[in-house]
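Participant: Can you read through this structure? Questions will come right after.
Each reported figure results from applying straightforward, stated rules to the coordinates on display, with no laboratory input. It should be emphasised that the depicted structure is a prediction, and the values quoted were computed from it without experimental measurement. Backbone-built Cβ (ideal geometry, glycine too); neighbour counts: all protein chains shown.
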């Protein structure tokens, strides 16, 4: 009998506690909520952060249940301020020879954004212990360089080759840092990379070699290049082409032996019908004669853009001058 009374008492106590807890959890109260602050909307490579508000305390209203759920999430809520927002006040201020870029925004102007973010937690925004949030930036020095692709190797499959020129994006890389460090950086290259068995047009991502990072606090506008490599199937063709002499003395009769040479070339398979011998020109330089050379080295001066010159046979010609 006594045991039954004790059990009944415990049941009543438990039910009473649940009712009390439910009422307490549903009661709305005001309390302070710490919030982290982050800033976006600016180029972190181009600009260095000199100073910034990193936190604020919000005055909010919520039920005990929502406050309890929020407390279970051990991460402090983060609020992001986009400094491109129209409400942001912009001005500059000189600090000696340095020009600081100031961005401030009133908490009142962020009220709608704060309320929207807090609403998902069942919390109503009432106010803040701060009137505004501030960010101070300083623009780093910069230097523009064209990336060097010397470390990129392309091995084409048999019968395939480059058609035109690779398209590199971006065509220029901007480095940001102190003027002293930037002055010592003369080039920006890519990491050693080999593309094997290339047989079709493709786009490749090639990382920059970050050796310049070892020189100091330097940032690049892009750490990766996108390179489009146009590829075509090629066939080998031979063309007989006459040899001309550049800058020859018109008073002298110059005979070359042989007068024609054979060009061994690769032509894109789809363009074979449009490539003929008259689209090529080969010349010898008269200045080699003036220098006393016994044989003249040949130069291919003109050829179609989509053609790859393999060899010239012969590579040199003999000559006789008849006055």
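Participant: How long is the range 164-323 along each principal axis, judged by its Cα atoms, biggest number first, in Å?
Facilitator: 69, 41, 21
Participant: Quick one: Debye curve from the alpha-carbon atoms of the range 234-322 only, equal weights, vacuum; give me log10 I(q)/I(0) at q = 0.18 Å⁻¹ to two decimals.
Facilitator: -0.75
Participant: Just to be sure I understand: of the beta bridges DSSP finds with both ends in the range 200-323, what percent are antiparallel, rounded to 5?
Facilitator: 90 percent
Participant: Another one. By count of other Cβ within 10 Å, fewest leading, how are 140, 279, 308, 90 ordered?
Facilitator: In increasing order of surrounding Cβ atoms, one gets 90, 279, 308, 140.
Participant: Can you report the principal axis dimensions of the range 142-229 using only the alpha carbons, biggest first, rounded to whole angstrom?
Facilitator: 49, 19, 16
Participant: Between residue 171 and residue 86, with labels modelled 7 Å along Cα→Cβ, what's the label distance in nm to one decimal, could you check?
Facilitator: Rounded to a tenth, the inter-label distance reads 3.6 nm.
Participant: Rounded to the nearest 0.05, what FRET efficiency do residue 224 and residue 318 give with R0 = 45 Å and r taken as the Cβ-Cβ distance? Could you check?
Facilitator: 0.25
Participant: What spacing in nm lies between the two simple spin-label points modelled at residue 240 and residue 276, each 7 Å away from Cα in the Cβ direction?
Facilitator: 1.6 nm
Participant: Could you rank the peptides 196-204, 92-100, 32-40 by their average count of other C-beta atoms within 10 Å per residue, with the highest value first?
Facilitator: Top of the packing list down: 32-40, 196-204, 92-100.
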